[in-house]
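For reference, the structure discussed in these notes is given below.
The values are calculated or read from the model by the stated rules, or taken from the named source; none is laboratory data. Small disclaimer: the values here were computed from a predicted structure and weren't measured. With ideal geometry, Cβ positions are generated from the backbone for all residues, glycine too; neighbour counts draw on all protein chains shown. Side chains are part of the model used for accessible areas, which takes the heavy atoms of the whole protein and leaves out ligands, DNA and RNA. Shrake-Rupley method; radii C 1.70, N 1.55, O 1.52, S 1.80 Å.
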Amino acid sequence: MIDFRTHPDQYRHWRLSVDGAVATLTLDVDPQGGLLGGYELKLNSYDLGVDIELYDAVQRLRFEHPEVGCVVIASAKDKVFCAGANIRMLGLASHAHKVNFCKFTNETRLAIEEAAEESGQAYVCAINGTAAGGGYELALATGWIMLVDDSNSAVSLPEVPLLAVLPGTGGLTRLVDKRKVRRDLADAFCTTEEGVRGARAVQWRLVDEVVPASGFDDAVRQRAAEFAAAAARPDAAGLALPPLEREETDGGLRYRHVGVEYDRDLRAAVITVHGPEAAPPADAEGMVAQGEAFWPLAACRELDDAILHLRFNEPELSTWVLRTSGAGAAVAAHDEFLEAHRDHWLAREITLYWRRTLKRLDTTSRSLIAEVVPGSCFVGTLFEVALAADRTLMLEGAFEGDNRPPATVRLTGMNFGPLPMGNGLSRLQTRFLGEPDSVERAEARRGDDLDAAEAVALGLVTEAMDDIDWEDEVRVMLEERASFSTDALTGMEANLRFAGPETLETKIFGRLSAWQNWIFQRPDATGEEGALKLYGSGRRARYARQRV
């Protein structure tokens with residue numbers, strides 16, 4: 001089982017150090033520390049285990065070190081920055097693992113970019129040697145790339161000539177969209193195994209500056225100090241993120257605020273997010289005092305972990321049923337608290353964390369079905385979970401013998417801007433892309449408890465059913481979903497979820513789905529005589545010559 005819970009004390013591949021306003025993340029991969037076994041992580045190459053630690057470090061820098069204005073990513077290996085994703089691992093891993101690995105790695109890269117854009121925590125990459133493939137892609141996620149100017153240090157994306165695959169963590173998209181590298185130069189760069197070094201790397205906009213080896217460390221310190229001085233970071237103590245507590249059984253997972261139940265007959269996982277049990281604190285100091293137990297933060301951490309666990313460890317549970325339970329008024333009160341304190345660094349980081357976690361839900365290759373029943377609390381932030389679903393079903397009235405009031409949903413300010421999708425639009429704007437008036441009608445009902453008929457009329461749910469039809473209709477729908485091709489569903493859902501503007505983020509995930517799902521299964525890459533299988537053997541790969 002792959003576990004995403006870790007702590008700097010447990011890292012095998014990264015070292016995190018903080019010196020005032022500057023933090024340094026040093027990559028020092030343990031060659032024997034491969035997560036899956038059967039390969040060595042040579043030359044600072046990485047696998048999922050290395051990226052799990054990086055994700056944890058990026059997250060901790062957001063919450064535990066608000067004083068940090070600049071993060072330097074560096075290497076502890078002499079003349080080697082990072083050789084990218086480990087090729088032996090890619091050759092041995094299942095197709096599903098490779099695709100999920102690329103997706104998770106992309107999400108972490110995007111979190112680095114968001115930290116700079118939204119939190120004022122800049123990232124600098126100090127390349128002291130070779131940065132190839134995913135190693136250079138890690139650099140591309142930072143805002144400033146420094147390269148040693150010597151005869152050996154170079155940046156490269158050699159996947160096409162060497163491996164018959166493509167840079168899987170957004171490399172091509174960031175090259176032309178983010179760094180604005182000219183198309184013809186990008187073509188030359190991506191088909192040259194040895195890469196580009198020195199002044200040409202700056203001229204082609206592949207890096208931002210090159211520095212002689214003798215002055216490299218001093219130049220990195222100076223540049224990091226400049227970025228840190230320009231950062232608008234709070235003068236505040238950080239918030240520790242202790243290990244998540246999780247109970248695992250054959251039937252599911254249990255956290256304090258999130259529960260997961262497995263229905264293997266329906267190939268489904270039922271995910272329930274429980275609302276807060278108490279009102280929010282009176283002020284920001286109270287939020288800080290609650291720390292990681294503050295409900296919006298605690299629930300988000302648990303949901304994030306559950307999503308990652310299910311993605312990698314339960315691939316056959318292809319439908320996720322999304323539920324909530326609790327008092328809607330309490331959820332609304334926490335939303336109002338976060339909005340009222342949006343300028344406080346911790347409230348901002350919690351909101352951004354929800355943004356990232358909901359985006360992770362958007363990009364998950366599972367059918368998402370939300371159920372709104374009595375006892376639910378699909379309000380504001382938690383209603384975003386329903387808006388992320390492929391369909392939302394709502395019960396009219398109550399179940400026979402249930403004394404609870406009928407289910408309602410409620411919109412808050414969180415549904416109108418703070419939690420956008422990767423396309424830059426809110427989920428309501430994306431839902432009503434061709435009907436902007438529908439967004440205005442929904443906003444006019446902000447704060448109201450909407451019953452099933454009102455929710456259907458406003459287009460907020462897909463369908464409302466009474467208790468006579470509910471059980472059979474839901475069961476038939478889930479059985480039907482389980483009977484479809486999972487490949488076809490993955491393609492269909494990914495195409496339907498991201499209407500609206502194209503952004504760097506949607507390009508990365510859209511192209512990832514198309515390129516990696518296809519190329520990782522082609523014989524040129526993964527066949528018995530494919531490049532990934534034969535790499536390092538001394539034998540040349542045999543390619544099919546038909547263009548498809």
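Could you please let me know if Cys102 is within 30 Å of Arg540 (Cβ to Cβ) and in contact with a Gly (Cβ under 7 Å, 6 or more places away or on another chain)? First the steps, then the outcome.
Numbers: within 30 Å of Arg540 (Cβ to Cβ): yes; in contact with a Gly (Cβ under 7 Å, 6 or more places away or on another chain): yes.
When the stated conditions are applied, Cys102 passes them.
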So which residues in the range 42-66 are over 16 Å from Ile87 (Cβ atoms) and in a loop (DSSP other than H, G, I, E, B)? Glu64, His65, Pro66
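Checking the structure you have, find out if any residue of the range 268-281 is free of Cβ contacts under 8 Å to residues at least 40 places away in the same chain and either of a type in the set (D, E, K, R) or more than 21 Å from Arg355 (Cα to Cα) (or both).
Filtering the range 268-281 for residues free of Cβ contacts under 8 Å to residues at least 40 places away in the same chain gives none.
No, that holds for no residue.
Between Val22, Val50, Val72, which is in contact with a His (Cβ under 7 Å, 6 or more places away or on another chain) and β-branched (Val, Ile, Thr)? Don't jump to the end; show me each part of the working.
Numbers: Val22 fails: in contact with a His (Cβ under 7 Å, 6 or more places away or on another chain); Val72 fails: in contact with a His (Cβ under 7 Å, 6 or more places away or on another chain).
One residue alone meets the criteria, Val50.
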Specify which of the listed residues (Gly375, Gly434, Gly447) is free of Cβ contacts under 8 Å to residues at least 40 places away in the same chain and outside any helix (DSSP H, G or I). Gly434
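Could you check the range 454-532 for helices (runs of 4 or more DSSP H) lying wholly inside it with 1 or more residues that are hydrophobic (A, V, I, L, M, F, W, C) and under 22 Å from the mean Cα position of the chain (by Cα)? Give the derivation first.
Numbers: elements: 467-483, 486-497, 504-519, 523-526.
It comes to 486-497, 504-519.
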I'm told Arg205 meets every condition in (1) under 19 Å from Thr142 (Cα atoms); (2) at pLDDT below 95; (3) assigned to a loop (DSSP other than H, G, I, E, B) except one. Can you identify the failing condition by its number? (2)
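Residue-by-condition table, conditions (1) modelled with pLDDT of 95 or more; (2) farther than 19 Å from Ile350 by Cα; (3) touching a helix residue (DSSP H, G or I) at 6+ places or on another chain (Cβ under 7 Å); (4) open to solvent by 10 Å² or more (accessible area, probe 1.4 Å):
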| position | (1), (2), (3), (4) |
| --- | --- |
| Ser376 | yes, yes, no, yes |
| Arg391 | yes, yes, no, yes |
| Leu395 | yes, yes, yes, no |
| Arg410 | yes, yes, yes, yes |
| Met414 | yes, no, yes, no |
| Pro418 | yes, no, yes, yes |
| Leu428 | yes, yes, yes, no |
| Asp437 | yes, yes, no, yes |
| Arg441 | yes, yes, no, yes |
Counting just the residues of the range 197-228 that are open to solvent by less than 20 Å² (accessible area, probe 1.4 Å) and under 30 Å from the mean Cα position of the chain (by Cα), which one comes out farthest from Asp150 (Cα to Cα)? Ala228
Of the criteria (1) open to solvent by 10 Å² or more (accessible area, probe 1.4 Å); (2) touching a helix residue (DSSP H, G or I) at 6+ places or on another chain (Cβ under 6 Å); (3) touching a residue at least 60 places away in the same chain (Cβ under 8 Å), which one Lys359 fails: (2)
Within the range 308-336, track down each residue that is surrounded by fewer than 21 Cβ atoms within 10 Å (Cβ to Cβ) and aromatic (Phe, Trp, Tyr). Phe312
Filtered residues of the range 62-99 (kept if within 30 Å of Glu292 (Cα to Cα) and either open to solvent by 20 Å² or more (accessible area, probe 1.4 Å) or of a type in the set (A, V, I, L, M, F, W, C) (or both)): Phe63, Glu64, His65, Glu67, Val68, Cys70, Val71, Val72, Ile73, Ala74
All conditions in (1) touching a Gly at 6+ places or on another chain (Cβ under 7 Å); (2) crowded, with 24+ Cβ neighbours inside 10 Å are true of Gly120 except (2)
(1) open to solvent by less than 10 Å² (accessible area, probe 1.4 Å); (2) in contact with a Lys or Arg (Cβ under 6 Å, 6 or more places away or on another chain): which one isn't true of Asp304, the others all being true? (2)
(1) of a type outside the set (Gly, Ala, Ser); (2) assigned to a strand (DSSP E or B); (3) in contact with a Lys or Arg (Cβ under 6 Å, 6 or more places away or on another chain); (4) open to solvent by 30 Å² or more (accessible area, probe 1.4 Å) all hold for Glu248 apart from (3)
Output the number of the condition that Thr173 fails; it satisfies all remaining conditions of (1) of a type in the set (Ser, Thr, Tyr); (2) open to solvent by less than 70 Å² (accessible area, probe 1.4 Å); (3) more than 26 Å from the chain's Cα centre (by Cα). (3)
Taking the range 524-539 only, how many residues are farther than 20 Å from Leu166 by Cβ and either open to solvent by 70 Å² or more (accessible area, probe 1.4 Å) or at pLDDT 90 or above (or both)? 3
Those residues that are touching a strand residue (DSSP E or B) at 6+ places or on another chain (Cβ under 9 Å), touching a residue at least 60 places away in the same chain (Cβ under 8 Å) and under 17 Å from Ala269 (Cα atoms), I need them from the range 461-484; list them, please. Val474, Met477, Leu478, Arg481, Ala482
May I ask you to verify whether Pro242 is open to solvent by 30 Å² or more (accessible area, probe 1.4 Å) and within 23 Å of the chain's Cα centre (by Cα)? yes
Could you list, in sequence order, the residues of the range 73-114 that are free of Cβ contacts under 8 Å to residues at least 60 places away in the same chain, among the aliphatic types (A, V, I, L, M) and assigned to a helix (DSSP H, G or I)? Met89, Leu92, Ile112
Residue check for Arg497: on the phi < 0 side of the Ramachandran plot, free of Cβ contacts under 8 Å to residues at least 12 places away in the same chain and basic (Lys, Arg): no
Can you tell me which residues in the range 37-52 are open to solvent by 10 Å² or more (accessible area, probe 1.4 Å) and farther than 19 Å from Phe312 by Cβ? Glu40, Lys42, Leu43
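Condition (residue is of a type in the set (Val, Ile, Thr), touching an Asp or Glu at 6+ places or on another chain (Cβ under 9 Å) and not in a helix (DSSP H, G or I)) applied to the range 4-21: is it met by at least one residue? So that I can check it myself, show each step before the final result.
The initial filter retains those residues of the range 4-21 that are of a type in the set (Val, Ile, Thr), namely 6, 18.
Those left that are additionally touching an Asp or Glu at 6+ places or on another chain (Cβ under 9 Å): 6, 18.
Filter once more, so that each one left must be not in a helix (DSSP H, G or I): 6, 18.
Scanning the range 4-21 turns up at least one residue that is of a type in the set (Val, Ile, Thr), touching an Asp or Glu at 6+ places or on another chain (Cβ under 9 Å) and not in a helix (DSSP H, G or I).
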